[in-house]
1. Please give the calculated 222 nm ellipticity per residue for chain B, where each DSSP H segment of at least 4 residues contributes -39500 (n - 2.57) and the sum is spread over every residue; nearest 500 deg cm²/dmol?
2. Give the order of A:188, A:285 when sorted by the count of other beta carbons within 10 angstrom, beginning with the fewest.
3. Sequence neighbours fewer than 8 away in the same chain don't count; with that in mind, list the aspartates and glutamates whose C-alpha is under 19 Å from residue A:141.
4. Taking the Cα centre of each part, how many Å lie between the range A:1-70 and the range A:162-214?
5. Rounded, prolate or oblate: pick one for chain A, where a ≥ b ≥ c are the square roots of the eigenvalues of its C-alpha gyration tensor, a/c under 1.5 means rounded, and failing that, prolate if a/b is larger than b/c, else oblate.
6. Running a GNM on chain A with Cα contacts under 10 Å, which residue among A:78, A:321, A:308 ends up with the highest mean-square fluctuation?
7. Against the longest principal axis of chain B, how steep is helix B:184-199, in degrees 0 to 90 to the nearest 10, with axes from Cα atoms?
8. Considering every residue in B:161-167, what mean count of other chain Cβ atoms within 10 Å of its Cβ is obtained?
Amino acid sequence: MRPIRTSYAQDLTLLPTTGSRVRVALVTGVALAIPAFAGEFYLGELAAVFIFAIAGVGMMLLSGYTGLVSLGQAAFLGIGAYTNAVLLARGVPLILSLPSGAMLAGLAGVAIGIPTLRMSGLYLAIATLAFGSIVGTIFQKWEGVTGGFGGFPVVSPTLGPLILDSPRGLYFLSLAMLGLVLLVAANILRSPLGRSLVAIHGSEISAQSMGVNLAVTKTLSFAISAAITGLAGGLFAHYVHFLAPDSFDLVLSIQFVTMIVVGGLGSLSGAIYGAIFIRLLPQGIALLRDDLPLGIGHMPGLEPSLFGLILVLFIIFEPQGVAGRLSKIAHYWSAFPLHRRATFQRQKSYTRSERVR
Amino acid sequence: MSLFAVEDLALHFGGIRAVDGISFDVRDGEVFAIIGPNGAGKTTIFNLISRLYQPTSGRLIFRGQDITRRPPHVVASLGIARTFQNIELFANATLLQNLLIGRHSHVSASILSQILYTPAVRRAEIAHRGRAEEVIAFLGLERHRDRLIADLPYGIRKVVEIGRALCIDPRLLLLDEPSSGLNVEETQEIAAWIDEIRGTLGVTVIMVEHDMSLVSAVSDRVMALNYGRILALGTAAEVQRDPEVVRAYLGG
Ligand SMILES: Nc1ncnc2c1ncn2[C@@H]1O[C@H](COP(=O)(O)OP(=O)(O)O)[C@@H](O)[C@H]1O
Ligand SMILES: [Mg+2]
């Protein structure tokens, strides 16, 4: 049964039902318990899932909620990673270097947000793609700072009891950061700011007529998304230990797009499902590699092609992603046996031929 | 007393004179209808008032203030709300969320306090929710509160759009063809609400409308337009009798 609410305040609570509180407590408990028995390798891989989920939340706010496409997310990740690594190498403590990476990435978000204010769809995709490749070139050419193609080794500091050199330390730090980022995102989404993001997605002209300042809000969406992705980047540096300029390229940006589409646009849990998927897929391919027929498993470019294929299949067959599928299943059981097939079918849409041009 | 005045307003799109030197004023508390054939320039006047278009010349005066240069996102906070001819709701949000966005011009919390979701933000949210619920009750939309706009039938969406505009707590409400696409009963319901919006809520209404029975039923004065110019202005009966208006409608 659907919970019956008794006050407005209840609707504003992050976890309004007992079920949702139990679920979050359970997931948190499991996440905290895992390091007690999992090996270092698995902890490292799980940390990567958390890091990608953070970046996924960042992209979800921009694309899933505000409806702005970005093919430049890898650049924000790279800015966060390089800033953190370079500052650490110069003796800045992690507690400053990590937020600095997020902040610099946020500023880069403003820098791409302002000139693209009037763009959407394909044009925005191209503009963000160009931005990504410019930033990638800077990573390559600014050798004095980034080490260019020679790469940049990441020194591993300690943060209180956590030694970031170890997958275990990174696991806990990434988990805490993911929790923080989810809280921030959930607060944004239940606030006026979150509603104005959704409004811009729905109709820019009526958002404006409701009092939403388009320029400020869209730029803010880019900045917040970029800062969160930059934070993920800082953590990512400690996962890879060594930064190479070409690890922050278009392939990674497309992975991020795949991640939020597969996970489910317009849902925070979708970012997590997507991150799990995107990190498991390469492992799955590695496991199956030798068993696939016709040597497919050893074809060059197998992974990116597979990501692209899955992206397309999801857009066509499951546009609500994993999160959407799960909520349909949950709805099916909560309404059982009264579920109707047509529950999720949309009414035929009205035309928009005479909009403001 | 005049609440809103338009002085010699014009907007030319290249060679097209969509609005071609129009002046009128709207009294506080009246329902003012704008009629005219398709392409007469009615929606363009609304887009000028909403500041989505910049006039070629002329002025817009609201409560004695010149608002001709104000950016579109401040119009709501001045107390001017509108609906759109082809419904511009936020389709991926619920009805309630749509109404809450109507409260946006009353939001004062900083971005940081929203991210932290401070007690002040929570209190303000409860107040906004209370206002949205009043509008929901006023328009009888309780049953649909938590449904996505994309799942609602056309007739309900038109009402939701009026509700979203009312959440602004406007002094002036612009309705662009509120009855288009609705059946007779739904149109009568709209007429009753327009009466109440003016009577109970004390909101001044400018309405673009084709349905002359609705126009006659609710409006104090009617302005007929054609090719961006005023043909006639007066009571519904006077305007309907006007020879120029008759000719425009008969395709003269
Ligand atoms: N953005 C625009 N660009 C060019 N022409 C426009 C634009 N908006 C409206 N027009 C033209 O202005 C005239 C008036 O349009 P409109 O105000 O929508 O008419 P209506 O009275 O049916 O609401 C029409 O000829 C229309 O084609
Ligand atoms: Mg029109």
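1. Helix-only estimate at 222 nm: -11000 deg cm²/dmol.
2. A:285, A:188
3. A:246, A:249
4. Between the Cα centres of the range A:1-70 and the range A:162-214 lies a distance of 12 Å.
5. On the way: a/c = 1.42, a/b = 1.25, b/c = 1.14.
Rounded.
6. Of the options given, A:308 has the highest mean-square fluctuation.
7. With both axes taken from Cα atoms, the answer is about 80 degrees.
8. The mean count of partner-chain Cβ atoms within 10 Å per residue comes to 1.
All of the numbers you see were taken from the coordinates with simple rules; none came from a lab. None of the values given here were measured: they were computed from a predicted structure. Cβ: placed from backbone, ideal geometry, glycine included. Neighbour counts: every protein chain shown.
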